[in-house]
1. In nm, what is the difference between 0.36 nm times the number of residues separating residue 137 and residue 100 and their Cα-Cα distance?
2. List the relative contact order of the chain as a percent without decimals, with contacts defined as Cα pairs under 8 Å and 6+ residues apart.
3. Hey, can you rank 8-20, 85-97 by average C-beta count inside 10 Å, highest first?
4. Quickly rank 54-66, 178-190 as a protection proxy: mean count of other C-beta atoms within 10 Å, highest first.
5. With runs of 4+ DSSP H residues as the only contributors, calculate the mean residue ellipticity of the chain at 222 nm using -39,500 (n - 2.57) per run, divided by the residue total and rounded to the nearest 500.
6. When you count, for each residue, the other Cβ atoms within 10 Å and take the mean per peptide, how do 22-28, 127-133, 217-223 rank with the highest first?
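The numbers here are math on the coordinates, done by the rules we state, and not lab data. These numbers were taken from a predicted model, which means no experiment stands behind them. No Cβ is skipped: glycine too gets one built from the backbone with ideal geometry, and neighbour counts run over all protein chains shown.
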């Protein structure tokens, strides 16, 4: 199972997921799997000085998935590459709408899902995805849900819908099996006393129980509307010993200080959440 939650709270958009990957037989293949991605978007137009392209708008949207890892991750990687290379006419002022970008990502998802279906049959191709971003037109957060649907005759495709926003702090979109969603609902009720970021606490409770295929560690991303707008993937700051002040930075289940500490003279400077 997988659990992914998307919600809006305190003027920011949030995404959280577990990091456990398992194959069709239920065997755990990784506890450091990436289910959240940041999709950079960069729009260009020809420059007045003869330049072929000048960037005039950039941001990033969040992408999350549950289900078949290969077609889903290929969707994220391909979308990330292509969305950074958008080129418009010389008089272009504004970027594509959130809905247009979501449709573009849906078309990529459809290609890889159907390709994987042809090679590995239906169950190995099914996944659902969510997108989160700040819309510069309507000046609000928006969410897209990309999911498979039965086209009849043994075929399927991917569709995109745009769920309405709930109250602040409530899950806007949940991805995963029905069992995982039910477990999330139960854990969410257990942390009702908390005033902030209850989806994070609910998922961490599910991970701590380690009694299902939801497990590994917490993966987390935040989307802000300005200065600059976009999605940032976060590490989780966890105590080395409960109750002690010393802490460790954990990104998708990876200890950034012990496992991936240095790049030459540089350190990984990912922003985190305590």
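1. Going from the current span to full extension adds 12.1 nm.
2. Working: 592 pairs, mean separation 66.7, N = 274.
It comes to 24 percent, rounded to a whole number.
3. Taking the mean over residues of other Cβ atoms within 10 Å, the ranking is 8-20, 85-97.
4. So the order, starting with the most tightly packed, is 54-66, 178-190.
5. Details: 4 runs with 63 residues, N = 274.
Calculated at 222 nm, the ellipticity per residue is -7500 deg cm²/dmol.
6. Working: 22-28: 10.6, 127-133: 26.0, 217-223: 23.0.
Going by the mean number of other Cβ atoms within 10 Å, highest first, we get 127-133, 217-223, 22-28.
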